[in-house]
Amino acid sequence: MGLVKNSDSTNSDQIDGTGGILSGIRLFPNPCRDVFTISEVERQVPVYLNNALGKTVLESTLQAGNNTIFIGDLPAGVYFVHVGDFPAKILVVQPE
């Protein structure tokens, strides 16, 4: 698992926020398989991916712009993406 910078796609879900780093952040595609992108990040911010049991399975730092995250070694399931201190966004990882 890791972070790859600069990507572009469709099928996005906007993460709700009140401004700052989340004023326009999008997470796509959702559902996904090997990678997903968090786009339009305004500044450097931590990101955590937790499984359905609450265990952190990925921890990284987003950079300003678009950030593509590799999750190809995770099993299919529902995960929670935490960007900074804002509420989690649900991410569905599909089986191959």
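What is the residue count in the stretch 31-53 for residues that are assigned to a loop (DSSP other than H, G, I, E, B), in contact (Cβ under 8 Å) with a residue 24 or more places away in the chain and under 15 Å from I90 (Cβ atoms)? Write out each step before concluding.
Going through the stretch 31-53, the residues assigned to a loop (DSSP other than H, G, I, E, B) turn out to be 31, 33-34, 42-44, 51-53.
Now drop any that are not in contact (Cβ under 8 Å) with a residue 24 or more places away in the chain, which leaves 31, 33-34, 51-52.
Remaining after also requiring under 15 Å from I90 (Cβ atoms): 31, 51-52.
So the count comes out to 3.
Restricting the stretch 37-88 to residues that are out of contact with any Gly (no Cβ under 9 Å at 6 or more places or on another chain) and among the aromatic types (F, W, Y), which is surrounded by the fewest Cβ atoms within 10 Å (Cβ to Cβ)? Among those residues, the one meeting the criterion is Y48. Working only within the stretch 54-74, note down all residues that are farther than 14 Å from V92 by Cβ, part of a loop (DSSP other than H, G, I, E, B) and under 13 Å from the mean Cα position of the chain (by Cα). Selection gives Q63 alone.
Filter the stretch 55-80 down to the residues that are of a type in the set (V, I, T) and free of Cβ contacts under 8 Å to residues at least 60 places away in the same chain and list them by number.
Applying the first criterion (of a type in the set (V, I, T)) to the stretch 55-80 yields 56-57, 61, 68-69, 71, 78.
If the condition is that a residue be of a type in the set (V, I, T) and free of Cβ contacts under 8 Å to residues at least 60 places away in the same chain, then T56, V57, T61, V78 are the ones that fit.
We did not get these values from a lab; they are worked out from the coordinates using the rules stated. If you're wondering where the values come from, they're calculated on a predicted model, not measured in any experiment. All Cβ positions, even for glycine, are placed from backbone atoms using ideal geometry, and neighbour counts span all protein chains on display.
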